[in-house]
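Nothing in this text is a laboratory measurement; each read-out follows from the coordinates by a stated rule. Note that the structure is predicted; figures quoted are calculated from it, not measured. Using ideal geometry, Cβ is built from the backbone for each residue, glycine included, and neighbour counts are taken over all protein chains shown.
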Amino acid sequence: MFLAPLAGFSDRAFRSVCVQFGANFSYTEMVSSEGLIRDSQKTRRLLLRAPNEQFLAIQLFGSNPETMAEATKILLRDFAPSLIDINAGCPVKKVTKTGSGAALTRDFITLGKIVAATVKATEEFSAESGCPKVPITVKIRSGWGKTPTFMEAAKASFESGAAAITLHPRSCEQGYSGKANVDFTTQLAAEYSGKIPVFASGDVFSPEDAGRILTTTHCDAVMFARGATGNPFIFENTRRFLTEGSYESIPLKRKLDAAFSELQLLIEDKGEDCACREMRKRFCAYTKGMEEGARLRKIICESKTMEDYRRIWKIL
Ligand SMILES: Cc1cc2nc3c(=O)[nH]c(=O)nc-3n(C[C@H](O)[C@H](O)[C@H](O)COP(=O)(O)O)c2cc1C
């Protein structure tokens, strides 16, 4: 059970909370290979590791195989990730127009070259440093428009040395709307069964969703994305559901305690002003379904300091 890469969410504050509540490991949001080789401090800050993160998956994006290989070596040297994941799924125009992200799900040739170059970089680093070889994995979409291209993208990745493939079975055009096509994940998991692991992403909003996807697709792991925001307990609940068949709802105080610890960690990294603003949408997500939700969200949306956020306790 992994926390998916989530731009704007999966920084170390949120990752730390997810690990605390049972995520096996978590992915950073996608980081730019160009930013890394330019030594961008903003990019490097995204890669800080939380003290409780024994395993860290770093996701990298870019379209130039040489740059991706160079960035891979920087990641290995400076951040000791447990795996490096290539982003072949981001649908944002700014990213796809450079040939990165979801553009790679239909440009299998470049995708294959990127995987081969980054795998070679991990082999070279391992030989030079004596450290074990870090796996390169790939996260793809189902394709563009009506044409599914995930099978070709997966084949190019596999043949170039990818150690696992995650499928988010929505097309690039779909973005995050409509339903994820679980049949595609089933097809992919069947094709790679016994070869490399396949991880499922898409519409995993509850322990029941995770259980259903694991059972029907025969994939090797599930990734929680939007289903984990404001609900890091989904990891422990899913574990309980899968092992004991049931789980309990989380008491309000426990939810708010988790939100406050995420805020506290974010303040340590970004300073109070920036963290309190950025945390608003994330804090609101924790209040979903609460009886006092609307009143709490009003306070949250006006909060500029930790003290402002603490006013929440007064109305409960
Ligand atoms: C706000 C947001 C940011 C995301 N950022 C990334 C990212 O940086 N890299 C990536 O591979 N996928 C990213 N995704 C996609 C998710 O990892 C996941 O595949 C997708 O949301 C489908 O899962 P879900 O339907 O359970 O949310 C993002 C999704 C959302 C909603």
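Points to keep in mind about this one:
- Conditions (1) more than 13 Å from the ligand (Cβ to nearest atom); (2) of a type outside the set (S, T, N, Q); (3) over 15 Å from the mean Cα position of the chain (by Cα): number failed by Phe235: (3)
- Looking at Ser261, Ser177, Ser206, just one residue is more than 16 Å from the ligand (Cβ to nearest atom), farther than 14 Å from Leu167 by Cβ and either touching a strand residue (DSSP E or B) at 6+ places or on another chain (Cβ under 6 Å) or among the hydroxyl-bearing types (Ser, Thr, Tyr) (or both), and that residue is Ser261.
- Failed item, numbered, when Gly143 is tested on (1) within 14 Å of the ligand (Cβ to nearest atom); (2) outside any helix (DSSP H, G or I); (3) surrounded by 14 or more Cβ atoms within 10 Å (Cβ to Cβ): (1)
- Residue count for the stretch 1-47 satisfying the condition of being within 30 Å of Arg240 (Cα to Cα) and away from the ligand (no atom under 15 Å from the Cβ): 8.
- Residues satisfying the stated conditions in the stretch 77-94, i.e. at negative phi and surrounded by fewer than 21 Cβ atoms within 10 Å (Cβ to Cβ): Arg77, Asp78, Phe79, Ser82, Leu83, Pro91, Val92, Lys93, Lys94
- The single condition from (1) within 25 Å of Ala258 (Cβ to Cβ); (2) free of Cβ contacts under 8 Å to residues at least 40 places away in the same chain; (3) within 13 Å of the ligand (Cβ to nearest atom) that Gly211 fails is (3).
- Qualifying residue in the stretch 240-252 (condition: in contact with a helix residue (DSSP H, G or I) (Cβ under 8 Å, 6 or more places away or on another chain), in contact (Cβ under 8 Å) with a residue 12 or more places away in the chain and within 16 Å of the ligand (Cβ to nearest atom)): no
- Applying the condition of being part of a helix (DSSP H, G or I) and of a type outside the set (A, V, I, L, M, F, W, C) to the stretch 150-176 and asking which residue is farthest from Ala121 (Cα to Cα) yields Glu152.
- Residues satisfying the stated conditions in the stretch 199-226, i.e. farther than 17 Å from Val138 by Cβ and assigned to a loop (DSSP other than H, G, I, E, B): Asp203, Val204, Phe205, Ser206, His218
- Checking Asp257 against (1) among the charged types (D, E, K, R); (2) buried (at least 18 other Cβ atoms within 10 Å of the Cβ); (3) assigned to a helix (DSSP H, G or I), the condition it does not meet: (2)
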